[in-house]
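Some notes on the structure that comes next.
The values are calculated or read from the model by the stated rules, or taken from the named source; none is laboratory data. These figures come from a predicted structure and were not determined experimentally. With ideal geometry, Cβ positions are generated from the backbone for all residues, glycine too; neighbour counts draw on all protein chains shown. To get the accessible areas, we keep the full protein, side chains included, count just its heavy atoms, and leave off ligands, DNA and RNA. Shrake-Rupley method; radii C 1.70, N 1.55, O 1.52, S 1.80 Å.
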Amino acid sequence: MSSQAEKLPGTAWPSPTAEAIVDFHDRLAAAYGPQHWWPIQDDANPRFEILIGAVLTQHTAWPNVDIAISALREAGPLNPETILAHDDLPGLIRRAGPHRIKAERLRSLCRWFVERGGFEAIEALDTATLCRELRSLHGIGPETADVIALYAFHRPRFVADAYAFRIFERYGWWPGSRRYERLRETIETALGERATAAFYDELHALIVAHAKQRCHKQVPDCARCALAATCAHGRGQAGP
Ligand code: SF4
């Protein structure tokens with residue numbers, strides 16, 4: 001078995017070691033540079049903008065989310081009270097995919113935010129409670145909850161999204177079953193206390209960049225990939 005992996009408990013599959021994950025991160029960081037996530041329009045209230053953006057970006061490309069956030073900002077200050085008071089919230093976020101569904105999700109998130117007492121009170125929640133409460137809200141699943149916990153509350157959470165599964169499967173780190181919590185816990189257990197929120201922030205952003213620029217869904221561009229020497233699929237493409 002590779003020195004960069006240990007056996008995943010209960011399976012014949014390797015699980016990445018902390019050193020291998022750091023190496024994976026560092027190779028991508030060298031290839032793509034700092035990612036500067038999360039993209040923010042208004043520095044006056046960046047954390048609330050992250051909450052809104054995390055919901056709007058579900059199954060929606062970021063340029064359309066950006067347009068929807070601009071429309072919300074033009075219609076009033078970006079805060080939960082104003083969003084809950086909009087007569088035509090679906091109309092304002094029309095560009096961000098299924099707008100009626102997302103309007104309900106935004107309202108649910110804003111009501112929770114207000115009832116919970118805002119950022120200062122929510123900050124007092126431990127990470128497990130924060131994520132559990134977010135996941136209890138209408139239309140917020142584990143990925144969106146972890147994105148909010150990571151980027152708005154600076155909690156060390158690995159976002160086990162479809163890009164991570166795709167790349168890790170090809171890399172030789174993950175078996176076929178795409179179970180969100182299992183991948184998140186595997187990565188967080190491997191990294192342990194050494195991984196900060198800043199590390200997870202950049203790791204997720206780099207995975208997204210890599211999935212879009214090299215490790216494409218249909219045909220990965222292994223010939224130009226910074227991970228080719230350490231990736232199981234990439235090594236298989238290299239030939240004798
Ligand atoms: S070598 Fe190919 S399959 Fe592996 S991470 Fe790079 S692009 Fe993806």
Check: Got at least one residue in region 174-182 being within 16 Å of the ligand (Cβ to nearest atom) and closer than 19 Å to THR57 by Cα?
Finding: no
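Can you tell me which residue among CYS131, CYS110 is within 18 Å of the chain's Cα centre (by Cα) and in a helix (DSSP H, G or I)?
Numbers: CYS110 fails: within 18 Å of the chain's Cα centre (by Cα).
The match here is CYS131.
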Next item on the list: Output the residue which, of all residues in region 197-233 that are open to solvent by 60 Å² or more (accessible area, probe 1.4 Å) and within 30 Å of PHE153 (Cα to Cα), is nearest to the ligand (Cβ to nearest atom).
Entry: GLN213
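Residue check: is ALA103 in contact with a helix residue (DSSP H, G or I) (Cβ under 9 Å, 6 or more places away or on another chain) and touching a residue at least 24 places away in the same chain (Cβ under 8 Å)?
Taking the combined requirement at face value, the residue does not satisfy it.
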Margin query: Quick check on region 35-44. Is at least one of its residues modelled with pLDDT of 95 or more, assigned to a helix (DSSP H, G or I) and in contact with a helix residue (DSSP H, G or I) (Cβ under 7 Å, 6 or more places away or on another chain)?
Written below: no
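Every residue, every condition in (1) open to solvent by less than 50 Å² (accessible area, probe 1.4 Å); (2) assigned to a helix (DSSP H, G or I); (3) in contact with a Cys (Cβ under 6 Å, 6 or more places away or on another chain); (4) not β-branched (Val, Ile, Thr), yes or no:
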{"position": "PHE153", "(1), (2), (3), (4)": "yes, no, no, yes"}
{"position": "ARG157", "(1), (2), (3), (4)": "yes, no, no, yes"}
{"position": "PHE165", "(1), (2), (3), (4)": "yes, yes, no, yes"}
{"position": "TRP173", "(1), (2), (3), (4)": "yes, no, no, yes"}
{"position": "GLY176", "(1), (2), (3), (4)": "no, no, no, yes"}
{"position": "ARG182", "(1), (2), (3), (4)": "no, yes, no, yes"}
{"position": "GLU185", "(1), (2), (3), (4)": "no, yes, no, yes"}
{"position": "THR189", "(1), (2), (3), (4)": "no, yes, no, no"}
{"position": "GLY192", "(1), (2), (3), (4)": "yes, yes, no, yes"}
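Confirm whether GLY236 is of a type outside the set (Phe, Trp, Tyr), away from the ligand (no atom under 16 Å from the Cβ) and in a helix (DSSP H, G or I). Give the steps one after another, and end with the answer.
Numbers: of a type outside the set (Phe, Trp, Tyr): yes; away from the ligand (no atom under 16 Å from the Cβ): no; in a helix (DSSP H, G or I): yes.
No.
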Notebook entry, point to check: Only one of ALA149, ALA128 is farther than 24 Å from ALA44 by Cα, without any contact (Cβ under 8 Å) to a residue 40 or more places away in the chain and of a type in the set (A, V, I, L, M, F, W, C); which?
Noted result: ALA128
